[in-house]
1. Restricted to segment 239-255, and to residues that are closer than 17 Å to A111 by Cβ and of a type in the set (D, E, K, R), which residue is surrounded by the fewest Cβ atoms within 10 Å (Cβ to Cβ)?
2. Is there a residue being outside any loop (DSSP other than H, G, I, E, B) and more than 26 Å from the chain's Cα centre (by Cα) anywhere in segment 57-66?
3. Specify which of the listed residues (P29, P35) is in a loop (DSSP other than H, G, I, E, B) and touching a strand residue (DSSP E or B) at 6+ places or on another chain (Cβ under 6 Å).
4. Is there any pair linking a residue in segment 20-35 that is without any contact (Cβ under 8 Å) to a residue 40 or more places away in the chain to one that is crowded, with 17+ Cβ neighbours inside 10 Å, with Cβ under 9 Å and at least six apart or on different chains, and which?
5. Check off (1) at pLDDT below 95; (2) open to solvent by 30 Å² or more (accessible area, probe 1.4 Å) for E109 and give me the number that stays unchecked.
6. Please go through (1) open to solvent by less than 20 Å² (accessible area, probe 1.4 Å); (2) modelled with pLDDT under 95 for G75 and return the number of the only condition it doesn't satisfy.
7. Considering every residue within segment 241-258, establish whether at least one is modelled with pLDDT under 95 and either more than 10 Å from the chain's Cα centre (by Cα) or of a type in the set (D, E, K, R) (or both).
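The values are calculated or read from the model by the stated rules, or taken from the named source; none is laboratory data. All values derive from a computational prediction rather than experimental measurement. Don't worry about glycine lacking a Cβ; one is built from the backbone with ideal geometry, like all the others, and counts go over all protein chains shown. The protein model used for the area step is the full one, side chains on, heavy atoms only, and it has no ligands, DNA or RNA in it. Shrake-Rupley method; radii C 1.70, N 1.55, O 1.52, S 1.80 Å.
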Amino acid sequence: MMERLHELLVWRLAELGLSPHDLLTRDAPGGLAVPGRVSANGSCRLVLAQDGWIALNLARGEDLDLIPALTGRDGDPWDAVAAAARESAAADFRDRAAELHMPVAVVGESALQALAPPGGSTVPRRVVDLSALWAGPLCAGLLARAGAEVLRIESAGRPDPTPAGSPLLNARINAGKARLALDLRDPDGRARLRTELEQADVLVTSARPAALARLGLEPVAFPHLTWVAITAHGFTGPGAARVGFGDDCAAAGGLVRWERGEPRFMGDALADPLTGLEAALAVLAGQRGLIDMAMARVAAAYAERLV
(Lines give C-alpha, C1' and ligand atoms only; values in the text may rest on other atoms or scores of the structure.)
Protein backbone atom coordinates (compact mmCIF):
# COMPACT_ATOMS: atom_id res chain seq x y z
CA MET A 1 0.00 0.00 0.00
CA MET A 2 2.88 2.39 0.63
CA GLU A 3 3.92 1.95 -3.01
CA ARG A 4 0.43 2.94 -4.15
CA LEU A 5 0.47 5.90 -1.78
CA HIS A 6 3.78 7.06 -3.26
CA GLU A 7 2.34 6.76 -6.77
CA LEU A 8 -0.64 8.91 -5.79
CA LEU A 9 1.61 11.50 -4.14
CA VAL A 10 3.83 11.83 -7.21
CA TRP A 11 0.79 13.20 -9.03
CA ARG A 12 -0.33 15.48 -6.22
CA LEU A 13 3.18 16.82 -5.59
CA ALA A 14 4.12 17.39 -9.23
CA GLU A 15 3.59 21.17 -9.23
CA LEU A 16 5.45 21.65 -5.95
CA GLY A 17 8.71 20.07 -7.01
CA LEU A 18 8.75 17.58 -4.11
CA SER A 19 8.99 13.82 -3.89
CA PRO A 20 6.92 11.56 -1.61
CA HIS A 21 10.06 10.98 0.45
CA ASP A 22 10.43 14.74 0.97
CA LEU A 23 6.85 14.91 2.21
CA LEU A 24 6.59 11.85 4.44
CA THR A 25 9.90 11.57 6.30
CA ARG A 26 10.98 13.07 9.59
CA ASP A 27 13.69 12.59 12.16
CA ALA A 28 12.94 11.58 15.75
CA PRO A 29 14.92 11.08 18.97
CA GLY A 30 16.27 7.53 18.93
CA GLY A 31 14.97 6.95 15.41
CA LEU A 32 11.73 5.41 14.21
CA ALA A 33 10.73 1.75 14.27
CA VAL A 34 8.95 -0.23 11.57
CA PRO A 35 5.24 0.45 12.17
CA GLY A 36 2.93 -2.42 13.04
CA ARG A 37 0.41 -2.68 15.86
CA VAL A 38 2.61 0.01 17.43
CA SER A 39 3.29 3.27 15.60
CA ALA A 40 6.74 4.13 14.28
CA ASN A 41 7.36 6.56 17.14
CA GLY A 42 6.09 4.09 19.75
CA SER A 43 3.37 6.26 21.28
CA CYS A 44 0.23 4.96 19.51
CA ARG A 45 -1.16 1.43 19.54
CA LEU A 46 -3.96 -0.45 17.84
CA VAL A 47 -6.04 -2.22 20.46
CA LEU A 48 -8.86 -4.74 19.96
CA ALA A 49 -12.25 -3.94 21.50
CA GLN A 50 -15.35 -6.13 21.53
CA ASP A 51 -16.53 -5.06 18.09
CA GLY A 52 -13.63 -3.32 16.39
CA TRP A 53 -10.22 -1.73 16.69
CA ILE A 54 -9.14 1.38 18.56
CA ALA A 55 -6.08 3.58 18.10
CA LEU A 56 -5.00 5.19 21.36
CA ASN A 57 -2.09 7.63 21.39
CA LEU A 58 -0.17 8.19 24.62
CA ALA A 59 2.05 10.90 23.15
CA ARG A 60 1.91 13.22 26.17
CA GLY A 61 2.68 12.73 29.83
CA GLU A 62 -0.85 13.70 30.81
CA ASP A 63 -2.25 10.91 28.62
CA LEU A 64 -0.32 8.32 30.61
CA ASP A 65 -1.50 9.89 33.85
CA LEU A 66 -5.13 9.44 32.75
CA ILE A 67 -4.95 5.68 32.17
CA PRO A 68 -6.31 4.74 35.64
CA ALA A 69 -9.26 7.12 35.12
CA LEU A 70 -9.88 5.67 31.64
CA THR A 71 -9.56 1.99 32.50
CA GLY A 72 -10.23 1.73 36.24
CA ARG A 73 -6.97 -0.20 36.53
CA ASP A 74 -3.44 0.38 37.80
CA GLY A 75 -0.25 -1.30 36.65
CA ASP A 76 1.25 -1.28 33.16
CA PRO A 77 -0.65 1.33 31.11
CA TRP A 78 -0.97 -0.73 27.93
CA ASP A 79 -1.99 -3.87 29.81
CA ALA A 80 -4.72 -1.81 31.48
CA VAL A 81 -5.85 -0.40 28.12
CA ALA A 82 -5.97 -3.85 26.51
CA ALA A 83 -8.02 -5.30 29.37
CA ALA A 84 -10.47 -2.39 29.42
CA ALA A 85 -10.88 -2.44 25.63
CA ARG A 86 -11.71 -6.16 25.62
CA GLU A 87 -14.65 -5.41 27.91
CA SER A 88 -15.96 -2.45 25.87
CA ALA A 89 -17.50 -1.61 22.54
CA ALA A 90 -15.05 0.38 20.46
CA ALA A 91 -17.23 3.49 20.29
CA ASP A 92 -17.83 3.44 24.04
CA PHE A 93 -14.10 3.20 24.76
CA ARG A 94 -13.43 6.04 22.32
CA ASP A 95 -16.06 8.23 23.93
CA ARG A 96 -14.65 7.69 27.42
CA ALA A 97 -11.13 8.54 26.26
CA ALA A 98 -12.33 11.53 24.25
CA GLU A 99 -14.10 12.92 27.32
CA LEU A 100 -10.70 12.88 29.02
CA HIS A 101 -9.26 14.76 26.01
CA MET A 102 -7.06 11.86 25.00
CA PRO A 103 -6.09 11.23 21.35
CA VAL A 104 -8.21 8.24 20.38
CA ALA A 105 -10.10 6.90 17.38
CA VAL A 106 -12.05 3.92 16.15
CA VAL A 107 -10.33 2.51 13.08
CA GLY A 108 -12.19 3.63 9.94
CA GLU A 109 -14.68 5.87 11.72
CA SER A 110 -14.09 9.08 9.77
CA ALA A 111 -15.95 10.58 6.84
CA LEU A 112 -13.99 11.77 3.79
CA GLN A 113 -12.47 15.21 3.22
CA ALA A 114 -13.12 16.77 -0.17
CA LEU A 115 -9.71 17.31 -1.78
CA ALA A 116 -8.79 20.13 -4.13
CA PRO A 117 -7.29 19.30 -7.52
CA PRO A 118 -3.52 19.76 -7.78
CA GLY A 119 -1.97 22.33 -10.06
CA GLY A 120 -3.56 25.47 -8.59
CA SER A 121 -1.69 28.72 -9.03
CA THR A 122 -3.52 31.13 -6.70
CA VAL A 123 -0.58 32.06 -4.47
CA PRO A 124 -1.54 34.28 -1.51
CA ARG A 125 0.45 37.43 -0.90
CA ARG A 126 0.98 37.09 2.87
CA VAL A 127 0.44 34.16 5.23
CA VAL A 128 0.55 34.08 9.03
CA ASP A 129 1.54 30.66 10.38
CA LEU A 130 0.16 30.24 13.90
CA SER A 131 0.39 26.45 13.84
CA ALA A 132 2.65 23.87 15.47
CA LEU A 133 3.94 20.33 15.01
CA TRP A 134 3.83 18.97 11.42
CA ALA A 135 0.69 19.48 9.33
CA GLY A 136 0.14 23.22 9.82
CA PRO A 137 3.77 24.31 9.48
CA LEU A 138 4.09 22.07 6.42
CA CYS A 139 1.06 23.76 4.83
CA ALA A 140 2.54 27.22 5.43
CA GLY A 141 5.96 26.00 4.28
CA LEU A 142 4.51 24.76 1.00
CA LEU A 143 2.83 28.14 0.48
CA ALA A 144 6.20 29.80 1.10
CA ARG A 145 7.73 27.45 -1.45
CA ALA A 146 5.04 28.50 -3.93
CA GLY A 147 5.99 32.17 -3.47
CA ALA A 148 3.93 33.50 -0.55
CA GLU A 149 5.45 35.72 2.13
CA VAL A 150 5.02 33.72 5.35
CA LEU A 151 5.36 35.01 8.91
CA ARG A 152 5.71 32.28 11.54
CA ILE A 153 4.45 33.23 15.00
CA GLU A 154 6.53 31.53 17.68
CA SER A 155 4.58 31.28 20.93
CA ALA A 156 6.54 32.08 24.06
CA GLY A 157 3.89 30.46 26.24
CA ARG A 158 3.45 27.22 24.25
CA PRO A 159 6.60 26.66 22.16
CA ASP A 160 6.43 24.20 19.30
CA PRO A 161 8.26 20.98 20.34
CA THR A 162 9.28 20.20 16.74
CA PRO A 163 12.62 22.09 16.73
CA ALA A 164 13.86 20.03 19.68
CA GLY A 165 12.30 16.70 18.73
CA SER A 166 12.71 16.75 14.94
CA PRO A 167 15.26 19.43 14.01
CA LEU A 168 15.70 18.25 10.41
CA LEU A 169 11.95 18.24 9.82
CA ASN A 170 11.70 21.66 11.45
CA ALA A 171 14.37 23.07 9.15
CA ARG A 172 12.61 21.64 6.11
CA ILE A 173 9.04 22.76 6.79
CA ASN A 174 9.86 26.14 8.31
CA ALA A 175 12.49 27.26 5.82
CA GLY A 176 11.76 30.48 4.01
CA LYS A 177 9.56 31.95 6.76
CA ALA A 178 10.07 35.16 8.68
CA ARG A 179 9.71 34.64 12.44
CA LEU A 180 8.12 36.66 15.21
CA ALA A 181 8.15 35.57 18.87
CA LEU A 182 5.05 36.64 20.79
CA ASP A 183 3.67 35.88 24.23
CA LEU A 184 -0.01 35.38 23.43
CA ARG A 185 -0.84 35.28 27.15
CA ASP A 186 -0.01 38.99 27.20
CA PRO A 187 -2.42 41.64 25.83
CA ASP A 188 0.40 43.31 23.92
CA GLY A 189 1.29 40.02 22.26
CA ARG A 190 -2.31 39.42 21.22
CA ALA A 191 -2.60 42.99 19.92
CA ARG A 192 0.53 42.54 17.79
CA LEU A 193 -0.87 39.31 16.40
CA ARG A 194 -4.12 41.03 15.42
CA THR A 195 -2.09 43.73 13.65
CA GLU A 196 -0.26 41.07 11.65
CA LEU A 197 -3.53 39.35 10.78
CA GLU A 198 -5.04 42.56 9.48
CA GLN A 199 -2.22 42.71 6.93
CA ALA A 200 -2.41 39.03 5.91
CA ASP A 201 -4.42 37.10 3.35
CA VAL A 202 -4.20 33.64 4.93
CA LEU A 203 -3.97 32.34 8.49
CA VAL A 204 -2.87 28.76 9.17
CA THR A 205 -3.86 27.38 12.59
CA SER A 206 -3.69 23.97 14.26
CA ALA A 207 -5.46 24.66 17.56
CA ARG A 208 -9.01 23.72 18.44
CA PRO A 209 -11.60 26.51 18.12
CA ALA A 210 -12.11 26.90 21.88
CA ALA A 211 -8.40 27.58 22.44
CA LEU A 212 -8.32 30.15 19.65
CA ALA A 213 -11.49 31.83 20.90
CA ARG A 214 -9.81 32.41 24.27
CA LEU A 215 -7.26 34.50 22.37
CA GLY A 216 -10.00 36.45 20.62
CA LEU A 217 -9.33 34.60 17.35
CA GLU A 218 -12.41 33.51 15.43
CA PRO A 219 -13.00 33.47 11.67
CA VAL A 220 -15.92 35.89 11.98
CA ALA A 221 -13.59 38.51 13.50
CA PHE A 222 -11.33 38.47 10.42
CA PRO A 223 -13.65 38.24 7.42
CA HIS A 224 -10.91 39.18 4.96
CA LEU A 225 -8.78 36.15 5.91
CA THR A 226 -8.70 32.73 4.38
CA TRP A 227 -8.61 30.70 7.59
CA VAL A 228 -6.91 27.31 7.19
CA ALA A 229 -8.04 25.34 10.24
CA ILE A 230 -6.08 22.10 10.59
CA THR A 231 -7.46 19.92 13.36
CA ALA A 232 -7.80 16.24 14.20
CA HIS A 233 -11.51 15.76 13.52
CA GLY A 234 -12.81 19.12 12.27
CA PHE A 235 -12.92 22.77 13.25
CA THR A 236 -16.73 22.75 13.28
CA GLY A 237 -19.26 20.09 14.22
CA PRO A 238 -19.11 17.31 16.81
CA GLY A 239 -15.40 16.60 16.28
CA ALA A 240 -14.25 20.12 17.14
CA ALA A 241 -13.50 19.28 20.79
CA ARG A 242 -11.48 16.14 20.03
CA VAL A 243 -7.70 16.03 20.07
CA GLY A 244 -5.59 13.86 17.83
CA PHE A 245 -2.20 13.29 16.27
CA GLY A 246 -1.01 11.85 13.00
CA ASP A 247 -1.15 8.14 13.83
CA ASP A 248 -4.52 7.99 15.57
CA CYS A 249 -6.03 10.25 12.89
CA ALA A 250 -4.65 8.03 10.14
CA ALA A 251 -6.32 5.08 11.85
CA ALA A 252 -9.59 7.02 12.16
CA GLY A 253 -9.54 7.47 8.40
CA GLY A 254 -8.85 3.80 7.80
CA LEU A 255 -5.40 4.59 6.39
CA VAL A 256 -3.92 1.35 7.71
CA ARG A 257 -2.80 -1.91 6.15
CA TRP A 258 -4.43 -5.19 7.11
CA GLU A 259 -2.53 -8.35 8.01
CA ARG A 260 -4.40 -11.55 8.85
CA GLY A 261 -7.53 -9.53 9.62
CA GLU A 262 -5.74 -7.10 11.92
CA PRO A 263 -4.85 -3.46 11.21
CA ARG A 264 -1.28 -2.22 11.12
CA PHE A 265 0.01 1.34 10.94
CA MET A 266 1.34 2.52 7.58
CA GLY A 267 4.30 4.88 7.59
CA ASP A 268 4.85 7.48 10.28
CA ALA A 269 1.98 9.71 11.44
CA LEU A 270 0.70 9.81 7.85
CA ALA A 271 -2.29 12.05 8.52
CA ASP A 272 0.07 14.92 9.39
CA PRO A 273 2.01 15.35 6.13
CA LEU A 274 -0.97 14.40 3.96
CA THR A 275 -3.12 17.06 5.63
CA GLY A 276 -0.40 19.70 5.36
CA LEU A 277 -0.16 18.99 1.65
CA GLU A 278 -3.91 19.00 1.06
CA ALA A 279 -4.41 22.23 3.01
CA ALA A 280 -1.79 23.96 0.86
CA LEU A 281 -3.32 22.58 -2.34
CA ALA A 282 -6.73 23.92 -1.25
CA VAL A 283 -5.31 27.43 -0.86
CA LEU A 284 -3.44 27.24 -4.16
CA ALA A 285 -6.66 26.03 -5.85
CA GLY A 286 -8.35 29.27 -4.81
CA GLN A 287 -10.47 28.11 -1.88
CA ARG A 288 -11.31 30.98 0.45
CA GLY A 289 -13.15 31.62 3.72
CA LEU A 290 -12.86 28.85 6.30
CA ILE A 291 -10.95 25.82 5.01
CA ASP A 292 -11.87 23.17 7.57
CA MET A 293 -9.15 20.56 7.03
CA ALA A 294 -9.45 17.57 9.38
CA MET A 295 -6.57 15.09 9.53
CA ALA A 296 -8.87 12.08 10.03
CA ARG A 297 -10.98 13.06 7.01
CA VAL A 298 -7.90 13.58 4.81
CA ALA A 299 -6.67 10.12 5.84
CA ALA A 300 -10.06 8.70 4.88
CA ALA A 301 -9.89 10.36 1.46
CA TYR A 302 -6.49 8.81 0.82
CA ALA A 303 -7.58 5.42 2.12
CA GLU A 304 -10.45 5.40 -0.37
CA ARG A 305 -8.07 6.15 -3.24
CA LEU A 306 -5.75 3.31 -2.25
CA VAL A 307 -8.38 0.57 -2.29
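1. The residue in question is R242.
2. At the first step, the residues of segment 57-66 found to be outside any loop (DSSP other than H, G, I, E, B) are 57, 61-65.
If we keep only those that are more than 26 Å from the chain's Cα centre (by Cα) too, we end up with none.
No: zero hits.
3. Numbers: P29 fails: touching a strand residue (DSSP E or B) at 6+ places or on another chain (Cβ under 6 Å).
Just one listed residue meets the conditions, P35.
4. These pairs meet every condition: P20/L5; P20/L9; P20/L13; A33/S39; A33/A40; A33/N41; V34/A40.
5. Here E109 clears every test but (1).
6. (1)
7. Step one: of segment 241-258, the residues modelled with pLDDT under 95 are 241.
Those still in the list that are either more than 10 Å from the chain's Cα centre (by Cα) or of a type in the set (D, E, K, R) (or both) too: 241.
Checked against the condition, which is being modelled with pLDDT under 95 and either more than 10 Å from the chain's Cα centre (by Cα) or of a type in the set (D, E, K, R) (or both), segment 241-258 yields at least one hit.
Residue-by-condition table, conditions (1) in contact (Cβ under 8 Å) with a residue 24 or more places away in the chain; (2) among the hydroxyl-bearing types (S, T, Y); (3) open to solvent by 30 Å² or more (accessible area, probe 1.4 Å):
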| position | (1), (2), (3) |
| --- | --- |
| A80 | no, no, no |
| E99 | no, no, yes |
| A105 | yes, no, no |
| P118 | yes, no, yes |
